[in-house]
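S.K.: After the structure tokens below, expect a handful of questions from me.
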Amino acid sequence: MVSSTEYGSHTWDLLLTVDHQHEGVEKEIPLQVTGDLHVGGLMLKLVEKIKIAQDWSDYAFWWEQKKCWLLKTHWTLDKCGVQADAKLIFTTQHKMLRLRLPNMKTVRLKVSFSSMVFRAVSDICKMLNIRRSEELSLLKQSEGTLKKKKKKDKNSKEPATEDILNLCNSPVSSGLPANPGLYSKTMTPIYDPVSGSPASSTMTWFSDGSSGEPSCSILALSHPTCSPEMLAEMYQPRTLADKAKLNAGWLDSSRSLMEQDVQEEDQLLLRFKYYTFFDLNPKYDAVRINQIYEQARWAILLEEIDCTEEEMLIFAALQAYHVSKLSLSSETQDSTCESEVDEVEAALSNLEVTLEGGNKSNILEDITDIPKLADNLKLVRPKKLALKAIKTYWFVFRDTSISYFKNKESAQGEPIEKLNLKGCEVVPDVNVAAKKFGIKLLIPVADGMNEVYLRCDNEDQYARWMAACVLASKGRTMADSSYQPEVQKILSFLQMKNWTMCSQAASEPENVDMKPECFVSPRYTKKFKSKQLTARILEAHQNVSQMSLVEAKLRFIQAWQSLPEFGLSYYVVRFKGSKKDDVLGVSYNRLIRIDMATGDPITTWRFSNMKQWNVNWEIRQVAIEFDQNVSIAFTCLSADCKIIHEYIGGYIFLSTRSKDHNETLDEELFHKLTGGQE
């Protein structure tokens, strides 16, 4: 018989699983609980019954069926919805995780499996000494990108352990505050935590944990040599649909790792997700600059982004002699001194992609003086049957529009046509060796994109007009302070392409210790013989041979940013009302609808014209409204629609950043823009 007092107490049995390593101690513990018992009280009751003396402060309850953490310890079991059939696991919140960095090196460290991914990435970046953690995220490799590795999968784990950098005993890994000497969000120089002296710009010291001795971090150094066989084993996208697979596995920043089925000792990729590299500074960003460079390098080698033969050779030249050889020498001495930092200050202003920003010091000049360009250019209009009509006109560039006239004398009258470039796509069409300097404009019209080609006579003319077109596409004029830096950036890139043959280097390529196959994509390895490649890379190297290590990396990043496809993340989507699949390109300032078969852009929509966007979580459809009553809706076929939703919100969030060095990220705003309610 049950007494009335026991019957009225409403107690019930709850079976709890404890994740501990003690042998001979039960892992499944039954407890009698009531619905008004709070989660903290349940923890206390459980620990008292286990009777194991250890630190339980990192432990929390994981609810297996509902895939959620019970972190609000003041909530009662009734409020949490916990009943007798609940499977609660008492486990650590910080667990070991393997991260493959952009330089293809693997680090092993303790990460919070209970924090939102956004916060976890912030903690990871503090450990790795990478500022601006909001630009990065974690990526699961999709099954489609692993197919090429089937045969070697069994043996892949053994050699990988040799290259793993173990950071499991770093302060943040243990759930403690980060050592401010290793990471500074403000503009404070980095210090060696052992000696207390300023750390080298290209070297950062981490505690090895086992011996306590400092070990030089590989994270700020480049090791670019990779065999053609290694490249052949890696996933190389051939089509836009293949490229879409690369972006399918981004984790949800508003949920924890455990909630997304990530297990202890799993391997994830840490990558720059948002291509807006804000406030790059060699004094504080040695690791960050190197990892951006490495992500760019692998994207080019694996043909994740298209580039011309001329551009590929420039990238190869910057890798082959500069970054590889200088990185090797920097292992014994610091190759980044104050003088080097001064040399790249000018380049930095070009590299800072601050969305629609820029220095606004010349506000009065911007208001009162709007410059214009006027010149003879060739207009090329594509016609049917592959024929092109090429004719010279007098072009005038004013504000964000181009007008063209029959000749200079008729420029006072009505133009033949006026092209508004705001929101257009600007694609370079350049071959320096052939003296071809073209600008391809894809101008949005009601039924798609209007193609216009402009042909310039020389480099200077091309740089001025190209820079004006780029700014106009973003709604800015030549009065903007970023116009001249943009011109200089284009000229410096053209100068790198405009190499002259060095007779000695070209005549004796066999004397040079270089494997050219390591520096170009497999497509060019098949196209040229090894000696031919070596000679051509040496040609290209003439224009970059005087650069310092950091400047070479920054130039590489700058050249990568100049590619037409830079910053585009692709997804296969089905637009509402359409009967076929299209590709959606997501960039930092626009969305592009692309024909999957031809790769041609169909329509572009700028974020600056966007009024609102929302997601219908039931049918997984993203709907966006723009100015002038333009609205679109689509479902995502190659990934979850939450990923695209987060991309749009993330880029808008990043556009709110300023150069306030003491700025703290508004995490709440990020989740408001990217979270969504499913």
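S.K.: Hey, ASN614 hits all of (1) closer than 26 Å to ASP242 by Cα; (2) out of contact with any helix residue (DSSP H, G or I) (no Cβ under 7 Å at 6 or more places or on another chain) but one; which does it fall short on?
M.R.: Failed condition: (1).
S.K.: Residue check: is TYR651 within 19 Å of SER122 (Cα to Cα) and in contact with a strand residue (DSSP E or B) (Cβ under 6 Å, 6 or more places away or on another chain)?
M.R.: On the way: within 19 Å of SER122 (Cα to Cα): yes; in contact with a strand residue (DSSP E or B) (Cβ under 6 Å, 6 or more places away or on another chain): no.
Criteria not met by TYR651.
S.K.: Could you list, in sequence order, the residues of the range 431-449 that are touching a residue at least 24 places away in the same chain (Cβ under 8 Å) and either open to solvent by 10 Å² or more (accessible area, probe 1.4 Å) or under 13 Å from THR603 (Cα atoms) (or both)? I'd like the intermediate steps shown before the answer.
M.R.: Of all residues in the range 431-449, those touching a residue at least 24 places away in the same chain (Cβ under 8 Å) come to 431-433, 437-439, 441-444, 448-449.
Selection gives ASN431, ALA433, LEU441, LEU442, ILE443, PRO444, GLY448, MET449.
S.K.: Can I ask one more? If you check every pair at least six apart or on different chains, which have Cβ atoms under 7 Å apart with a residue in the range 37-56 that is among the small types (Gly, Ala, Ser) first and a residue that is at pLDDT 90 or above second?
M.R.: Partner pairs satisfying both residue conditions: GLY40/THR73; GLY40/HIS74.
S.K.: Next up: Please go through the range 18-36 and give me each residue that is touching a residue at least 40 places away in the same chain (Cβ under 8 Å) and surrounded by fewer than 17 Cβ atoms within 10 Å (Cβ to Cβ), ordered by number.
M.R.: Keep residues of the range 18-36 that are touching a residue at least 40 places away in the same chain (Cβ under 8 Å), which gives 18-19, 33-36.
ASP19, THR34, GLY35, ASP36 - these are the residues of the range 18-36 that are touching a residue at least 40 places away in the same chain (Cβ under 8 Å) and surrounded by fewer than 17 Cβ atoms within 10 Å (Cβ to Cβ).
S.K.: Another question, then. Suppose we filter the range 602-620 for residues that are surrounded by fewer than 17 Cβ atoms within 10 Å (Cβ to Cβ), in a strand (DSSP E or B) and in contact (Cβ under 8 Å) with a residue 24 or more places away in the chain; how many remain?
M.R.: So the answer is 0.
S.K.: Moving on. Within the range 36-83, can you find the residues that are in contact with a strand residue (DSSP E or B) (Cβ under 7 Å, 6 or more places away or on another chain) and not hydrophobic (A, V, I, L, M, F, W, C)?
M.R.: Within the range 36-83, ASP36, HIS38, LYS45, LYS49, ASP58, TYR59, GLU64, THR73, HIS74, THR76 meet the criteria.
S.K.: Okay, next question. Filter the range 35-92 down to the residues that are in a helix (DSSP H, G or I) and of a type in the set (Val, Ile, Thr) and list them by number.
M.R.: VAL39, VAL47, ILE50
S.K.: If only one of LYS45, LYS27, LYS51 is farther than 19 Å from MET258 by Cα and in contact with a Ser or Thr (Cβ under 7 Å, 6 or more places away or on another chain), which one is it? Lay out the reasoning, then the answer.
M.R.: Numbers: LYS45 fails: in contact with a Ser or Thr (Cβ under 7 Å, 6 or more places away or on another chain); LYS51 fails: in contact with a Ser or Thr (Cβ under 7 Å, 6 or more places away or on another chain).
Selected residue: LYS27, the only one of LYS45, LYS27, LYS51 that is farther than 19 Å from MET258 by Cα and in contact with a Ser or Thr (Cβ under 7 Å, 6 or more places away or on another chain).
S.K.: Within the range 424-444, does at least one residue satisfy the condition of being polar (S, T, N, Q) and in contact with a Cys (Cβ under 8 Å, 6 or more places away or on another chain)? Give the derivation first.
M.R.: Looking only at the range 424-444, we keep the residues that are polar (S, T, N, Q), and these are 431.
Right, trim to in contact with a Cys (Cβ under 8 Å, 6 or more places away or on another chain) and you get none.
There is no residue in the range 424-444 that is polar (S, T, N, Q) and in contact with a Cys (Cβ under 8 Å, 6 or more places away or on another chain).
S.K.: Moving on to the next point. Name the single residue that is farthest from the chain's Cα centre (by Cα) among those in the range 1-57 being modelled with pLDDT under 85 and aliphatic (A, V, I, L, M).
M.R.: The selected residue is MET1.
S.K.: Quick one: what pairs do we get from the range 258-283, first residue of a type in the set (Val, Ile, Thr) and in a loop (DSSP other than H, G, I, E, B), second modelled with pLDDT under 95 and open to solvent by 20 Å² or more (accessible area, probe 1.4 Å), C-beta under 9 Å, 6+ apart or different chains?
M.R.: As it stands, the answer is VAL262/LYS140; THR276/VAL353; THR276/THR354; THR276/TYR588; THR276/SER655; THR276/ARG657, since those pairs meet every condition given.
S.K.: Is it the case that some residue within the range 409-419 is polar (S, T, N, Q), assigned to a helix (DSSP H, G or I) and closer than 28 Å to MET547 by Cα? Reasoning before the result, please.
M.R.: The initial filter retains those residues of the range 409-419 that are polar (S, T, N, Q), namely 410, 412.
With assigned to a helix (DSSP H, G or I) added as a condition, the list becomes 410, 412.
Pick out the ones that are also closer than 28 Å to MET547 by Cα and you get none.
No, the conditions are met nowhere in the range 409-419.
S.K.: Still on this structure, please answer the following. Looking only at residues in the range 353-407 that are more than 18 Å from LYS440 (Cβ to Cβ), among the β-branched types (Val, Ile, Thr) and open to solvent by less than 40 Å² (accessible area, probe 1.4 Å), which one is modelled with the lowest pLDDT?
M.R.: So, considering only residues that are more than 18 Å from LYS440 (Cβ to Cβ), among the β-branched types (Val, Ile, Thr) and open to solvent by less than 40 Å² (accessible area, probe 1.4 Å), the one modelled with the lowest pLDDT is THR354.
S.K.: Right, here's the next one. Find the strands (runs of 3 or more DSSP E) located wholly in the range 93-203 whose residues include 1 or more that are at pLDDT below 90, under 26 Å from the mean Cα position of the chain (by Cα) and not assigned by the TED database to the domain that holds SER655, and list them.
M.R.: Details: elements: 94-100, 106-112, 136-139.
Hits in the range 93-203: none.
S.K.: Now, a different point. Scan the range 624-653 for residues that are within 18 Å of GLU135 (Cα to Cα) and in a loop (DSSP other than H, G, I, E, B) and jot them down.
M.R.: Residues of the range 624-653 that are within 18 Å of GLU135 (Cα to Cα), as a first pass: 642-653.
Passing the criteria: none in range.
S.K.: On to the next question. Which one is farthest from ILE314 (Cα to Cα) among residues in the range 394-430 that are touching a residue at least 24 places away in the same chain (Cβ under 8 Å) and of a type in the set (Ser, Thr, Tyr)?
M.R.: Checked the range 394-430; the qualifying residue farthest from ILE314 (Cα to Cα) is TYR404.
The values are calculated or read from the model by the stated rules, or taken from the named source; none is laboratory data. If you're wondering where the values come from, they're calculated on a predicted model, not measured in any experiment. A quick note on method: Cβ atoms are made from the backbone with ideal geometry, for glycine too, and the neighbour counts reach across all protein chains shown. Surface areas here come from the heavy atoms of the whole protein model, side chains and all, with no ligands, DNA or RNA. Shrake-Rupley method; radii C 1.70, N 1.55, O 1.52, S 1.80 Å.
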